[in-house]
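The values are calculated or read from the model by the stated rules, or taken from the named source; none is laboratory data. Note that the coordinates shown come from a computational prediction; the quantities given were computed from them, not determined experimentally. We place every Cβ from the backbone using ideal geometry, glycine too, and count neighbours over all the protein chains shown.
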């Protein structure tokens with residue numbers, strides 16, 4: 001981390017706090033209210049949360065600003081994971097005694113529909129002295145400070161990396177306190193990152209940044225491979241929702257065929273149209289082909305898409321070339337393109353939802 005750049009911005013941040021005391025007092029009050037709210041959800045309370053309490057717990061998060069209909073999103077999280085299972089895993093994540101790297105990886109592996117932004121925000125607002133808040137803005141700010149080994153995409157944010165990022169933000173917190181800023185929680189560090197480190201040049205070029213290297217799933221551990229698979233699966237669902245489809249994950253579309261993600265639309269009184277997406281990280285390509293062939297037994301399926309990295313897509317194409325019923329119907333989508341599309345649509349949706357054109361509950 002570049003301490004010279006950090007010191008410059010901390011001095012500026014502290015100077016602003018003295019010049020505009022009302023704003024900083026308001027920010028402190030806002031942080032206190034947020035921390036109080038999430039700390040009120042004790043282990044016992046999380047285990048007994050009702051459907052509506054879970055909605056309030058999740059919908060208030062900044063990470064949910066990308067969604068217009070928050071009720072729909074929270075309902076899907078509960079449906080996909082089961083109420084009791086979600087309560088249990090959330091309790092283990094927030095109040096468990098295992099190392100945070102283990103708790104993080106377990107939660108991400110076992111719970112669908114909740115990515116690093118949501119998970120880290122819950123942790124940060126519940127334990128503001130221990131855990132940092134990760135999102136696109138955090139990436140921009142820490143990248144500006146020249147912090148190494150930042151995760152460019154969600155699948156890269158393992159528990160080990162999250163623990164490392166918390167350590168980095170604790171260093172920033174220490175420097176804030178040394179400079180005379182008394183509120184030194186990691187939630188305060190998030191306000192500092194948003195207020196001081198979103199430099200125009202860096203922020204405007206984030207979508208142009210091309211991460212070094214390719215996604216090399218063949219080199220990943222089984223757990224990391226699952227992170228990639230689940231991350232892409234969930235992002236495909238998000239993209240479908242933002243495009244106006246009814247989008248679901250892990251759905252049975254025909255006998256013997258369960259698909260990673262489907263986009264579904266009803267056309268007037270003519271019936272359904274379904275597009276299916278199968279994400280391939282590791283495993284048998286023959287099994288992938290068989291699953292796709294079975295899915296075509298459903299007459300509503302109008303499009304099938306194989307999703308992987310460039311290397312595996314080429315292998316899939318070679319295997320498909322001899323499969324008469326599939327070779328002319330199968331489309332191919334690279335991971336990296338999906339990640340870029342998701343990031344861009346998330347930015348668009350957040351910006352539009354911030355206008356408040358459609359009130360909640362409409």
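Does any residue of the range 293-310 turn out to be closer than 20 Å to residue 276 by Cα, at pLDDT 85 or above, touching a helix residue (DSSP H, G or I) at 6+ places or on another chain (Cβ under 8 Å) and in a loop (DSSP other than H, G, I, E, B)? For the range 293-310, residues closer than 20 Å to residue 276 by Cα, at pLDDT 85 or above, touching a helix residue (DSSP H, G or I) at 6+ places or on another chain (Cβ under 8 Å) and in a loop (DSSP other than H, G, I, E, B): present.
Got a sec? Which of 64, 1 is closer than 27 Å to residue 233 by Cβ, modelled with pLDDT under 95 and touching a helix residue (DSSP H, G or I) at 6+ places or on another chain (Cβ under 8 Å)?
64
Scanning the range 1-50 for residues that are under 22 Å from residue 141 (Cβ atoms) and in a loop (DSSP other than H, G, I, E, B) turns up 1, 2, 20. Could you check, for the range 32-41, whether at least one of its residues is assigned by TED's automatic domain parsing to the domain that holds residue 145, touching a residue at least 40 places away in the same chain (Cβ under 8 Å) and under 23 Å from residue 351 (Cα atoms)? Checking the range 32-41: at least one residue is assigned by TED's automatic domain parsing to the domain that holds residue 145, touching a residue at least 40 places away in the same chain (Cβ under 8 Å) and under 23 Å from residue 351 (Cα atoms).
For (1) free of Cβ contacts under 8 Å to residues at least 12 places away in the same chain; (2) within 28 Å of the chain's Cα centre (by Cα); (3) within 26 Å of residue 77 (Cβ to Cβ); (4) in a helix (DSSP H, G or I), each residue gets a yes or a no:
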| residue | (1), (2), (3), (4) |
| --- | --- |
| 239 | no, yes, yes, yes |
| 263 | no, yes, yes, no |
| 272 | no, no, yes, no |
| 281 | no, yes, yes, no |
| 286 | no, no, no, yes |
| 328 | yes, no, no, no |
| 332 | no, yes, no, no |
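In the range 55-73, the residues that are closer than 18 Å to residue 347 by Cα reach residues that are modelled with pLDDT of 90 or more and surrounded by fewer than 17 Cβ atoms within 10 Å (Cβ to Cβ) with C-beta atoms within less than 7 angstrom, at least six apart or across chains, in these pairs: 70/59. Scanning the range 11-42 for residues that are under 30 Å from residue 94 (Cβ atoms) and surrounded by 14 or more Cβ atoms within 10 Å (Cβ to Cβ) turns up 13, 24, 27, 28, 31, 32, 34, 35, 37, 38, 41. Report the residue count in the range 267-287 for those that are more than 19 Å from residue 234 (Cβ to Cβ) and either modelled with pLDDT under 85 or not assigned by TED's automatic domain parsing to the domain that holds residue 330 (or both). Result for the range 267-287: 10. Restricting 132, 114 to those that are within 16 Å of the chain's Cα centre (by Cα), assigned by TED's automatic domain parsing to the domain that holds residue 184 and at pLDDT 95 or above reduces the list to 132.
Report yes if residue 258 is within 29 Å of the chain's Cα centre (by Cα), surrounded by fewer than 20 Cβ atoms within 10 Å (Cβ to Cβ), in a helix (DSSP H, G or I) and free of Cβ contacts under 8 Å to residues at least 40 places away in the same chain, otherwise no. For residue 258, the condition - within 29 Å of the chain's Cα centre (by Cα), surrounded by fewer than 20 Cβ atoms within 10 Å (Cβ to Cβ), in a helix (DSSP H, G or I) and free of Cβ contacts under 8 Å to residues at least 40 places away in the same chain - is not met.
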